[in-house]
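Worksheet for the structure shown next.
The values are calculated or read from the model by the stated rules, or taken from the named source; none is laboratory data. Every value quoted in this text rests on a predicted model; they were computed, and no experiment measured them. Positions of Cβ are backbone-derived with ideal geometry, glycine not excepted, and every protein chain shown enters the neighbour counts. Just the protein is used for accessible areas: all its heavy atoms, side chains included, with ligands, DNA and RNA removed. Shrake-Rupley method; radii C 1.70, N 1.55, O 1.52, S 1.80 Å.
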Amino acid sequence: MTAFGVAVLSACTVKNTALTSDQIVSTSLCADSYLLAMPDLRDRIGALSWQSRSTLSRAPDTLQDLPQAGENLERLITFSDAKIIVGPGPSQLQSPAVSLTWGENFETVWTNFEALSKTLEARNPSDSLKDRLNKIDRSKTPPKLLYLNRAGGTAGPGTFVNAVFEVVGGENIISTPGWQSPDTESLLQLNPDIIVTSFMASNYKGTNDRAIRHAALAERLEAVPQIDIPGALWPCAGPGLVDAAELLSKELAKL
């Protein structure tokens, strides 16, 4: 299971524009998030992913007109001279400029930035992001947190959601490692202090919106304090995890 728990559909639109060897092409939402966090690269981005105009994208309006790319080899022919960045996982490309590493912690973020900075000859933003993490206030009394997405999926230890919980001083009420979809009865037996939701907006409709459609679970959501983290912040273990941690810490302080 992934962090999404839902399907995201978007049209793949690629303009027939040749790019130079200095330009960069992203083929995934995860890769988008890394490139957008590196200011040196903004003017060199020639194409963002096929999801870059979806509600899960953090691409600014100034980049919304860029061509869109995916891992469809025919669509990537136009971009063959550019440096192509692919997201974590299997790729159809035999030799992308950078293939991001999949991981479930902040170390993954630093590792990917190191690879991107070296290959693309750009400043590594890791130190400034680490400084922001170090300034986050940890809860003095660790609240019991439950992550829940629209499909009723949750996350235990060994996930990047759990890594964010640890940064803010929260206790994950889910003790089983990994991404998972407990049955509804098991979820209802949990007693978290706060439910951390994500991908809950109506834009992220899935075929099994259990957290919304199941009456008892919906009532529990209404009864327990909630903090919503926009899905665009964490499509993967990327730089948005820092923003997610800052937002969660800020909202916890209000409760």
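In a shell of Cβ-Cβ distance under 10 Å around Leu36, excluding Leu36 itself, what net charge do Lys and Arg (+1) and Asp and Glu (-1) give?
+1
If R₀ is 22 angstrom, what is the calculated FRET efficiency for the pair Gln180 and Glu219, using the beta carbon separation as r and rounding to 0.05?
The computed FRET efficiency comes out at 0.50.
Of Asn191, Gln23, Thr108, whose Cα points farthest to the positive end of the dipole of the chain (charges on the beta-carbon: +1 Lys, Arg; -1 Asp, Glu; origin at the Cα centre)?
Asn191
Treating the beta-carbon of each Lys and Arg as +1 and of each Asp and Glu as -1, no other charges, what is the dipole magnitude of the stretch 89-195 about its Cα centre, to the nearest 20 debye?
For this selection, approximately 260 debye.
On a full-extension model of 0.36 nm per residue, what is the gain between Asn191 and Thr119, subtracting their alpha-carbon distance, rounded to one decimal in nm?
21.2 nm
Filter the cross-link list Lys130/Lys250; Lys130/Lys254; Lys83/Lys250; Lys83/Lys135 down to pairs whose alpha-carbon distance in this structure exceeds 28 Å.
Lys83/Lys250; Lys83/Lys135
For a paramagnetic label modelled at 7 Å from the Cα of Asp131 toward its Cβ, which residues of the stretch 27-46 fall within the zone defined by backbone nitrogen distances under 15 Å?
Zone members listed by number: 39.
Tell me the per residue accessible area of the chain using a 1.4 Å probe; a whole number in Å² is fine.
48
Quick check: residue separation of Thr62 and Thr111 times 0.36 nm, minus the Cα distance between them. What number comes out in nm?
Using 0.36 nm per residue and subtracting the Cα-Cα distance, I get 14.8 nm.
List the GluC sites (Glu not before Pro) in the stretch 68-164 that DSSP assigns to loop (not H, G, I, E or B) and whose Cβ has at most 13 other Cβ atoms within 10 Å. Which are they?
Those that pass, being in a loop and sparsely packed, are Glu121.
Under a Cβ-Cβ cut-off of 13 Å, what is the net charge of the residues other than Phe160 that fall near it, where Lys and Arg count +1 and Asp and Glu count -1?
Surrounding charge for Phe160 is -4.
Taking 2.2 N^0.38 Å as the expected size of a compact globular protein, what ratio does the Cα radius of gyration of the stretch 93-137 give against it, to two decimals?
1.32
Hey, could you get me the Stokes-Einstein D for the chain, Kirkwood radius over alpha-carbon pairs, 4 °C and 1.567 mPa s, rounded to whole µm² s⁻¹?
68
Across 10 Å bins from the origin, how do the percents of Cα pairs in the stretch 30-143 run, short distances first?
Pair shares across the bins are 12, 41, 33, 10, 4, 0.
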